[in-house]
């Protein structure tokens, strides 16, 4: 949303806004998406593919989850940023391009540079203007505004005339810690608007995880007393993932989108913390 707003408020607003998630595609497919390919350049390349960089020419290209880009892809991105030119996969033809590049990540790129996971020269090249997006739990004053806006959006989409959320429901939304940030809040609003049969949404129509406020809780002194720092930090992450899974009916793809990570990362974390539905719901 921020990237789109930057585009709309810029002199490039009349040109395309193209977005792509680096974490959602395999390395070979991602390179093909960004830089295109010519027919026959690799197995399955039955026709030429238009590159996203050219589709965004004159406009804005938004790359989400840039921390997942492979070393080889990072090299090609660095060249585009420095020289504003590239070659499609399997082609020797050089394309010139004029694109504003906006990148997003939920990883600490500075730390990744120190560990050798992210190229230092690319990091310094992209680190021109940085905008930090604080989590929703740190800007709870935005919640009533977002609720009003998206209630109107989903009213129009579903042909409804919901007046809004009552005070008790808003209080519950304000108390919850939103591990999935705005995406999770939007999902909760849409669900409530679609399912409610009354003109005002009440707390009973919110997901159980929101009603019971089983969101993120910082580790307390008692938590830390008999735990290492690593264990204390891991425990909240495990709860965040379980809460997000519950909110999305244990649909892994939707949960990954809610948390702002790719599905592979979610599976790895579920394995790391031994998160399985039958374990978490054994009491039912």
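For a test of the definition: using alpha carbon positions, the gyration tensor, and the 1.5 limit on a/c, classify the range 135-216 as rounded, prolate or oblate.
prolate
A simple spin-label model places pseudo-atoms 7 Å from Cα toward Cβ; at residue 27 and residue 272 they are separated by 2.1 nm. One Cα centroid belongs to the range 150-182, the other to the range 89-122; the line between them spans 37 Å. Simple spin-label estimate for residue 120 and residue 132 gives 2.4 nm between the two label positions (7 Å along the Cα-to-Cβ direction from each Cα).
Read-outs: derived from the displayed coordinates by stated rules, not from any lab. Small disclaimer: the values here were computed from a predicted structure and weren't measured. Cβ sites come from the backbone with ideal geometry, for glycine too, and all protein chains shown count toward neighbours.
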